Amino acid sequence: MKLFGINVIGLDHSRRSLSMYGNSVRSNIFKPIKAENDSGASLVNDCAEYSGNNIGQMSNIGKSTNILWHGTPVQKHDRQRLLQQKGCVIWLTGLSGSGKSTLACVLSQNLHSRGKLAYILDGDNVRHGLNKDLSFRAEDRSENIRRIGEVAKLLADAGVICITSLISPYRKDRDACRALLSKGDFIEVFLDAPLDLCESRDPKGLYKLARAGKIKGFTGIDDPYEPPSSCEIVLQQKGSDCASPGDMAERVIAYLEDNGYLRA
């Protein structure tokens with residue numbers, strides 16, 4: 001018999017068949033799957049840990065009390081194999097006008113064209129949301145960098161090549177971000193451009209405002225920039241002898257290739 005064009009008898013027969021074998025189907029569906037991860041521990045044991053059956057040490061960190069780190073079955077190396085790349089942080093630092101944002105965009109585009117997943121954390125962009133509650137006072141600038149460092153760490157753990165583009169004027173703040181990651185996963189790139197060159201570019205008109213006293217605490221004018229003491233890459237720019245953004249991006253990509261970041 002058909003109802004609205006549907007074979008009701010056929011549906012009823014299928015329903016009885018499913019009912020007959022329901023217990024068997026359910027037992028097979030919900031039967032634990034045995035699988036081995038890279039550490040040799042079974043997925044079943046892992047799931048017991050993740051479900052809370054194997055509670056570890058509770059922690060108090062900063063103002064957060066009674067917190068517990070929850071492990072997950074898919075680890076960084078699994079995500080890296082999926083993406084065929086190694087997660088890392090490329091930290092672009094330098095004065096305003098040194099070309100950080102331009103380089104970040106070209107670098108991201110070049111990596112994308114190679115089939116690599118990258119994400120830019122631009123200083124101004126992050127202040128539109130996550131860090132909109134922070135000013136440009138020294139203590140807030142440090143907190144701005146700390147938060148971005150923590151987000152960059154998460155992106156690197158996801159297997160993404162994270163590109164940060166921000167002045168990050170204080171050496172201790174950059175070093176603190178470096179300490180968040182495994183050795184080699186923090187790649188500091190210093191865009192070494194002299195102040196007069198950056199000021200002549202002045203893409204946002206901020207140097208002009210700072211010189212007029214309308215902006216206080218502006219890096220390079222009345223607030224210091226501390227250049228890296230030991231970084232992975234220095235991109236030096238002097239007068240007319242400035243490499244193009246494309247050439248600078250290729251230098252960074254060459255570093256990534258030489259150090260195995262563009263393969264799993």
Completion exercise
XL table Lys86/Lys183; Lys100/Lys208; Lys172/Lys204; Lys183/Lys238; Lys76/Lys116; Lys100/Lys238; Cα-Cα > 24 Å flagged, in table order, is Lys172/Lys204; Lys183/Lys238
Handout entry: For segment 110-264: rounded, prolate or oblate by the Cα gyration tensor [a/c cutoff 1.5]
Key = oblate
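What part of the accessible area of segment 131-224, given as a whole %, is carbon or sulfur when the probe is 1.4 angstrom?
Heavy-atom surface of segment 131-224 belonging to carbon and sulfur, 1.4 Å probe: 56 percent.
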Handout entry: Cα-projected label distance for His112 with Ser135, points at 7 Å along beta-carbon direction, nm
Key = 3.7 nm
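For Tyr225, Tyr261, give the ranking by accessible area with the largest first, probe 1.4 Å.
Tyr225, Tyr261
Quantify how much of the Cα-Cα distance distribution of segment 182-264 extends past 15 Å, in percent. Kindly include the intermediate steps, with their values, before the conclusion.
Values: 2291 of 3403 pairs.
In whole percent, the long-distance tail amounts to 67.
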Problem - Kirkwood-type radius of segment 133-204, with distances r between different C-alpha atoms, in Å - result: 13.7 Å
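Under 8 Å for C-alpha pairs, at least 6 residues apart: give me the relative contact order for segment 192-264, rounded to a whole percent. Before the final figure, lay out the partial values.
On the way: 30 pairs, mean separation 21.9, N = 73.
This gives 30 percent for segment 192-264.
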Handout entry: Gain on full stretching of the segment that runs from Lys216 to Ser230 - 0.36 nm per residue minus C-alpha separation
Key = 2.1 nm
Practice task
Write out the trypsin sites (Lys or Arg not before Pro) in segment 202-264 meeting two conditions: DSSP loop, and at most 13 other Cβ atoms within 10 Å of their Cβ.
Solution key: Lys204, Lys214, Lys216, Arg263
Handout entry: Local electrostatic count, Met248, Cβ distance below 14 Å [Lys/Arg +1, Asp/Glu -1]
Key = -2
Practice task
Could you tell me what % of all Cα pairs in segment 77-145 have separations over 17 Å?
Solution key: 56 percent
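The values are calculated or read from the model by the stated rules, or taken from the named source; none is laboratory data. Worth saying up front: this structure is predicted, and the values here are computed from it rather than measured. Glycine also receives a Cβ, built like all others from the backbone with ideal geometry; neighbour counts cover every protein chain displayed. Each accessible area value is taken on the protein alone, full model and side chains, heavy atoms only, with ligands, DNA and RNA left out. Shrake-Rupley method; radii C 1.70, N 1.55, O 1.52, S 1.80 Å.
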